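The values are calculated or read from the model by the stated rules, or taken from the named source; none is laboratory data. Quick caveat, the model's predicted, so the values are computed rather than measured. Every residue, glycine among them, receives a Cβ derived from its backbone with ideal geometry; neighbour counts consider all protein chains shown.
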Amino acid sequence: MRCRFLKKSCGMAVAAAFIATSHSAIAAERIANPFAVFAGLDKITGVTTTFESKVGEERKFGGLIVKADACFTRPPTEEPKTASFVEIDELEAGNTRKRVFSGWMFAESPGLNALEHPVYDVWLTGCRDPNAPPPVVETPPDFNTLQDETAEEEEPLD
């Protein structure tokens, strides 16, 4: 009885240790980007505007001040997940500010955590790094070209 209990306990401990150490290995790498890209809707005019905010700097959109504190993406080989921590203030009379939004926005789920304001809607559309190398796009080989090249290399049988 005691042996079975110890084997079961040891097995559970080993499994827990494996899960704890493998979690960090399977967590996707996040890439910090210097720019957050937003879309904003002015509900009065019906005009949608795309604008960028450098991380850590404020950007004015209508009567709002938008500031992205971080903007993260994943490598192209991973499932896309783009997130930005955003603070949005509304300019009020006397040039005072009122915080109307503070939290994470997700480009893949714009309706999940966007700013919904009586006059403006703001949501994250992406992150950008102008210094990042362009993504490598692999194209499959053209089978017609491969067949033509193979036919030229073959010698006729006598």
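Quick check: is even one residue across region 63-83 in contact with a Leu (Cβ under 9 Å, 6 or more places away or on another chain), touching a residue at least 40 places away in the same chain (Cβ under 8 Å) and assigned to a loop (DSSP other than H, G, I, E, B)? Yes, some residue in region 63-83 is in contact with a Leu (Cβ under 9 Å, 6 or more places away or on another chain), touching a residue at least 40 places away in the same chain (Cβ under 8 Å) and assigned to a loop (DSSP other than H, G, I, E, B). Are there any pairs, at least 6 apart or on different chains, whose C-beta atoms fall under 9 Å, with the first in region 112-137 and under 16 Å from ASP89 (Cβ atoms) and surrounded by 10 or more Cβ atoms within 10 Å (Cβ to Cβ) and the second basic (Lys, Arg) and modelled with pLDDT under 85, and if so, which? Listed by first residue and then by second, the contacts come to nothing, as the list is empty.
Here the condition is being at pLDDT 95 or above and within 28 Å of ARG30 (Cβ to Cβ); of GLY56, GLY111, it holds for GLY56 alone. Confirm whether TRP104 is modelled with pLDDT of 75 or more, more than 18 Å from ALA32 (Cβ to Cβ) and either in a strand (DSSP E or B) or touching a Lys or Arg at 6+ places or on another chain (Cβ under 6 Å) (or both). No: the conditions fail for TRP104.
Among residues of region 65-81 being at pLDDT 95 or above and surrounded by fewer than 21 Cβ atoms within 10 Å (Cβ to Cβ), the one that is nearest to VAL100 (Cα to Cα) is ILE65. Scanning region 43-61 for residues that are closer than 17 Å to LEU124 by Cβ and touching a residue at least 40 places away in the same chain (Cβ under 8 Å), we see that the one that is surrounded by the fewest Cβ atoms within 10 Å (Cβ to Cβ) is THR50.
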